[in-house]
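Here's the structure, in structure tokens; my notes come after.
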Amino acid sequence: MAGANYQSRFRIEENEEGVRYTLDLSEEQCPGFSLSLQKLPVNCERLERELNRSDYWGRNGVGSARDQVKADICRASFSVSGISLPDGTPDERMRHFDEALGALGVTDRQREAVMEVCNQSVQGNFLQASTAIVPGGQSVRYDVRMEGGELRVQAICIKDIDMNESDGQNDLDQRQGKLDMILMEGEHAFYKSQEMRLDLRIVDGEPRAMIGIVGAQHLVSRDNDTVQ
């Protein structure tokens, strides 16, 4: 389906309200499908302010940003310049991460900022700036790269009701209960799936590097407007 003869069957339509993906199979028994995702507003000013807080890490019982990265580095995907870190223990992966950042020419202050945004706290800050609740597991990816002479970090978090949570349980009755909640009428914050995407710029400075938002997008779906 990814071959040149079939690519014309895929269509992506995007506007201010959302994104719609369509696949035309041109078959009577299986004509294809389309999936719509709604764009939620993101308060970028609030998010940027939270990302640049100097009074969070190492205070009030919160460990260092580096400690949090080490806790997350084996349960998320990390890459530098698009090259994934090798598998290994948390200590081994942290060593590979440090070496790759060094080869990229990252300064000590920039490295500290990278640690602050390449961990699960960035997703919590994102959700405070654009609220949605998605029961289920998640897939998280971070990529650090130089782009046009700028240090950039891309963070992507995808959640879905059908992605197993950390306990690995996938109870069908429990899933149906969650789905009923998602599809209930009225205004509410529950969705079947979501994609949170952040593109960040890290600018070296004194006494610390600053984190700027290049782009932020929050897509959600209740899967109740999918056409098959």
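The values are calculated or read from the model by the stated rules, or taken from the named source; none is laboratory data. As the structure is a computational prediction, the values presented were derived from the model and not from experiment. Cβ placement follows ideal geometry from the backbone for every residue including glycine, while neighbour counts extend to all protein chains displayed. Just the protein is used for accessible areas: all its heavy atoms, side chains included, with ligands, DNA and RNA removed. Shrake-Rupley method; radii C 1.70, N 1.55, O 1.52, S 1.80 Å.
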Mind checking whether some residue in the range 100-117 is under 24 Å from the mean Cα position of the chain (by Cα), surrounded by fewer than 16 Cβ atoms within 10 Å (Cβ to Cβ) and without any contact (Cβ under 8 Å) to a residue 40 or more places away in the chain? no
Output the residues belonging to the range 118-165 that are over 15 Å from the mean Cα position of the chain (by Cα) and not charged (D, E, K, R). Pro135, Met146, Gly148, Gly149, Leu151, Ile161, Asn164
Select from the range 53-84 the residues that are in contact with a strand residue (DSSP E or B) (Cβ under 9 Å, 6 or more places away or on another chain), of a type outside the set (Asp, Glu) and open to solvent by less than 30 Å² (accessible area, probe 1.4 Å) and write down the one among them that is nearest to Glu112 (Cα to Cα). Val69
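Name the one entry in Met210, Met181, Met196 that is touching a His at 6+ places or on another chain (Cβ under 6 Å) and either surrounded by 12 or more Cβ atoms within 10 Å (Cβ to Cβ) or under 20 Å from Ala76 (Cα atoms) (or both).
Met196
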Residues that are closer than 30 Å to His188 by Cβ, at least 1 per element: which helices (runs of 4 or more DSSP H) completely within the range 80-147 meet that? 108-117, 121-129
Which one is least open to solvent (accessible area, probe 1.4 Å), of the residues in the range 18-52 that are charged (D, E, K, R) and in contact with a Gly (Cβ under 7 Å, 6 or more places away or on another chain)? Lys39
Based on this model, can you work out whether Ile156 counts as more than 21 Å from Leu200 (Cα to Cα), open to solvent by less than 20 Å² (accessible area, probe 1.4 Å) and at pLDDT 90 or above? no
Do we find that Thr89 is over 21 Å from Gly124 (Cα atoms), polar (S, T, N, Q) and modelled with pLDDT under 95 in this structure? no
Based on this model, can you work out whether Leu101 counts as hydrophobic (A, V, I, L, M, F, W, C), more than 29 Å from Leu40 (Cα to Cα) and in contact with a Lys or Arg (Cβ under 9 Å, 6 or more places away or on another chain)? yes
